[in-house]
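Taking it in order: structure first as structure tokens, then the write-up.
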Amino acid sequence: MADIVIKGLTENNLKHVSFTIPKEKLIIFTGVSGSGKSSIVFDTIAAESQRQMNATYPSFVRSRLPKYKKPNVERIDNLTACVVVDQSPLGGNARSTVGTISNLYSSLRLLFSRIGQPYAGTASYFSFNDPNGMCKTCSGLGKVTKIDINAILDKDKSWNEGCVKDSTYKPGSWYWKQYASSGFFDLDKPVKEYSSEEYNLLLYGSRDGKSEPENTKITGLFHKYTRTLLNRDISDKSKHTKDKSQNLITEEECTDCHGKRLNEVVLNCKINGYSIADMCDMELTELREVLSDIFDKNVNMLVQTLIEGLNRMIDIGLPYLHLGRESPTLSGGEAQRLKLVRYMGSSLTGMTYIFDEPSTGMHPRDVYRMNSLLKELRDKGNTVLVVEHDKDVISIADYVIDVGPQAGQNGGEIVFMGSYPELLKADTLTGKALLQSLPIKQQPRQRVGSLPIREANLHNLKNVNVDIPLGIMTVVTGVAGSGKSTLISQVFAKQYEKDIVMIDQGPITATNRSTPASYLGFFDEIRKLLARENSKDEGLFSFNSAGACPVCAGKGVIVTELAFMDPIVTECEVCSGTRYNQEAMECLYKGNNIVQLLALTASEALEVFEGSKIVRHLKVMQQVGLSYLTLGQPLSTLSGGERQRIKLAKNLGKKGNIIVMDEPTTGLHLSDIEKLMILFDMIVSGGNTLVVIEHNLDVIKQADWIIDIGPDGGKNGGEVVFVGTPTHMVQHAKTLTADCLRTSCS
Ligand code: ADP
Ligand code: ADP
Ligand code: ZN
Ligand code: ZN
């Protein structure tokens, strides 16, 4: 197998690098965030492979495939087909479950159609997505959504006082007038004093609440909201609309199928006393036992296939899931592992698989299981490329490619290539960091108070009572599926919603033109500096207003519509894609125009903006480990970990906050963890409380207080198995986390 050869690569920050990657090996890419790992693996190898694959299709098909731009590289030879296994969420709707994603549900359906008693039909009858199998009441969703009328109506108020809480109905508005002028309502009477006729008119537009509306002008509020919120796909609507509908809708379990999604005939069909819905409710380990008890020659193969599939999911550390779990509720790490399982079942070989931090969300105890699956994938004759920061994963590499020496303009080179033992001797940030680990915190802080959680029972939690300390850093630990996110991100966050700042890895809900400069709020300051320096108006430095290039109107691109074909998008020739007009571009600050200023990384900008108000913001970017980002980099290009850290940056400098974070070390290089700990220390010293869910042992050692959830995952978790200081944990605790901590200290 000829090696993959890459020559003269200059994508993003890469400095004309050339190297070869051996095939059928497990290759791990290391280096600080922003050094250029993704630029090599995703933007070059994966993109070019996909681009070449797409080029083999006829043009009609091609126009419908995603478009990959040709990477900036002189040559790439011997690429294979690529599969990217990333942490993007799986499936987007309630009809997609762990069972449908893993294909195990279709095997289960086949099993029931063959040997289920009494016989219910062929296999499609067992599908909740098929009209023959679904519960008619909920159309196979297992739950029904209703408009929560109390969230819409303030019954203490009259029309004149604004009884409809929705701002589009405020007194005097167009919608308000439709109702007010109908003549049906006394505008000064509070809704709670309405007769039942009046109330029915308000809600349903008719006096008895059943017949046709009496006046075409007023649709009852209930119908109106049902139509605009329920019977419509709002998945691509704005966050505002989604949030609004979230608040107005209540979800209830379907009373006919009790959440099982299927109709009675199908639910009555059983194997060894279990219906297909029962099997989908079981944890995977339990389902495996139930299936092992089926002894029927006719379905031997089928049962074997099912058990093999379950084994893979269990082995990769997902034994606590059940097939009925809706896939949009899975975490990024769980989604990635499930995708890995799907590919393990494939018989394709000679492929290149690419993973992005597969250890995310995994307890040190479980990482070795994932390691063995990665090796298995390689041993089937595939090339496996992994971007990773976790010590245990890096240690299994056949070959390590270390990118550095630092980030952004100070990175972009390959600083080491070779085996893991060689890496340990290498004079690179990664090599050095691998030999170090942080000490256990000797003098943990004392709490200044605490917030109680009482009798928490969500998901797998077993009547949990625990106090969350205030004024110190608490680390919540436990294996995947033990209940950490349920306890902290759901129960705790919900109970103390008003006091907590949740800093998650989710998309940043700002316009798609947001950049670090605009998001952190110093873009205006840059405009002011330019305006003052050049005696111009600030508006000139905005491509949304006076500064816009006249040809592309500030879009930077020209879109040419073609009949029957996709429009052609080309860079605007006049502004070269910069979006600004000539007058704006001619204004300089210390020799840089607006575009050049936004192209500076935060660390470069520190010098340029010395002495201005901007410095404070740049220092914050440095503190959260994002000094390699340019001021104008679209936030849409950030990874989950980077997003979380820029949200943290926005919240720094405040006092009295309770900050909750889930795996803040995601995407962070070993050498940056120490910096993050210094920052955390500063946050807590500044009078804030930190609660972080973390698997990283260095972070756990630096905690003031540990709350360990376990003893294991799923049904076997959901209890607080230890609370105390790190020292205490190492000395006394008998938990999985304590074992791992002791190993890493010895
Ligand atoms: P890593 O994967 O090692 O964290 P990346 O390859 O993502 O690093 O980034 C390398 C450099 O390229 C960084 O300075 C980053 O800010 C920059 N970069 C990455 N993607 C883009 C992009 N879409 N636009 C502009 N700069 C980018
Ligand atoms: P951790 O954060 O420790 O990995 P979780 O809180 O995500 O654990 O999960 C704890 C248990 O709750 C697991 O059995 C998991 O399958 C279950 N669970 C978590 N979220 C949901 C959900 N949205 N629906 C159903 N079960 C869930
Ligand atoms: Zn139902
Ligand atoms: Zn233009």
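What residue among Ser437, Leu348, Ser603 has its Cα farthest toward the positive end of the dipole of the chain, where the charges are +1 on Lys, Arg and -1 on Asp, Glu, each on the Cβ?
Ser603
Before anything else, pin down the relative contact order of the chain: Cα pairs under 8 Å, at least 6 apart, normalised by residue count, whole percent.
Numbers: 1395 pairs, mean separation 113.7, N = 746.
Computed value for the chain: 15 percent relative contact order.
In whole Hz and in residue order, list the ³J(HN,Hα) couplings for segment 581-596 that follow from phi through the Karplus curve 6.51 cos²θ - 1.76 cosθ + 1.60, θ = phi - 60°; x for Gly and Pro.
Per residue, the Karplus-derived 3J(HN,Hα) values read 8, 4, 4, 5, 5, 7, 7, 10, 10, 6, x, 10, 8, 4, 5, 5 Hz.
With charges only on Cβ, +1 for K and R and -1 for D and E, what is the dipole size of the chain about its Cα centre, in debye, rounded to 20? Working shown, then result.
Working: 83 positive and 86 negative charges, 103 e Å.
Taking the Cα centre of the chain as origin, the dipole is about 500 debye.
Please give the Cα centre distance for segment 109-185 versus segment 586-610, rounded to the nearest Å.
Cα centroid of segment 109-185 versus Cα centroid of segment 586-610: 53 Å apart.
Which value, in debye to the nearest 20, describes the size of the charge dipole of segment 373-482 about its Cα centre when Lys and Arg Cβ atoms bear +1, Asp and Glu Cβ atoms bear -1, and nothing else is charged?
On the way: 11 positive and 12 negative charges, 114 e Å.
Value, rounded to 20: 540 debye.
With the Cα gyration tensor of segment 467-566 in hand, give its eigenvalues times 5 under a square root as the equivalent ellipsoid semi-axes, listed largest first in whole angstrom. Can you show the working numbers first?
Working: eigenvalues 393, 115, 19 Å².
Three semi-axes, in Å: 44, 24, 10.
In whole angstrom, and with the biggest value first, how far do the Cα coordinates of segment 516-637 range along each principal axis?
Over segment 516-637, Cα extents along the principal axes are 53, 35, 20 Å.
For a Förster distance of 60 Å, can you work out the FRET efficiency between the beta-carbons of Glu561 and Lys715, rounded to the nearest 0.05? Can you show the working numbers first?
Values: r = 57 Å, r/R0 = 0.94.
It comes to 0.60.
Summarise the long-distance tail of P(r) for the chain by giving the % of C-alpha pairs beyond 46 Å. List each step's numbers first, then the result.
Working: 89233 of 277885 pairs.
Of all Cα-Cα distances in the chain, 32 percent exceed 46 Å.
Can you list residues from other chains, or at least 5 along the same chain, whose modelled amide H is less than 5 Å from the amide H of Cys572?
For Cys572, the qualifying residues are Val557, Ile558, Gly577.
How many angstrom lie between the Cα centre of segment 361-378 and the Cα centre of segment 1-67?
If you average the Cα positions of each part, the centres end up 24 Å apart.
In µm²/s, what is D for segment 295-444 at 37 °C and 0.692 mPa s, where D = kT/(6 pi eta Rh) by Stokes-Einstein and Rh is the Kirkwood radius from Cα pairs?
Working: Rh = 17.9 Å.
After rounding, the answer is 184 µm²/s.
Using only the alpha-carbon atoms of segment 232-363 as identical scatterers, what base-10 log of I(q)/I(0) does the Debye formula give at q = 0.09, 0.16, 0.20, 0.22 Å⁻¹?
-0.41, -1.05, -1.22, -1.29
Residues of segment 426-468 with the amide nitrogen closer than 20 Å to a label point 7 Å from the Cα of Thr743, along Cα-to-Cβ, please.
From segment 426-468, the list is 434-440.
Over what distance in Å are the Cα centres of segment 345-359 and segment 270-301 separated?
29 Å
Given only helices, namely DSSP H runs of n ≥ 4 each adding -39500 (n - 2.57), what is the per-residue ellipticity at 222 nm of the chain, to the nearest 500 deg cm²/dmol? Each step should come with its number before you reach the end.
On the way: 30 runs with 241 residues, N = 746.
After summing the helix terms and dividing by the residues of the chain, the value is -8500 deg cm²/dmol.
For labels at Glu607 and Glu252 in the simple 7 Å Cα→Cβ model, what's the distance in nm?
6.7 nm
Computed from the coordinates by the stated procedures, all read-outs in this text should not be read as laboratory data. Just so it is clear, the model here is predicted, and its values are computed rather than measured. All Cβ positions, glycine included, derive from the backbone under ideal geometry; neighbour counts span all protein chains shown.
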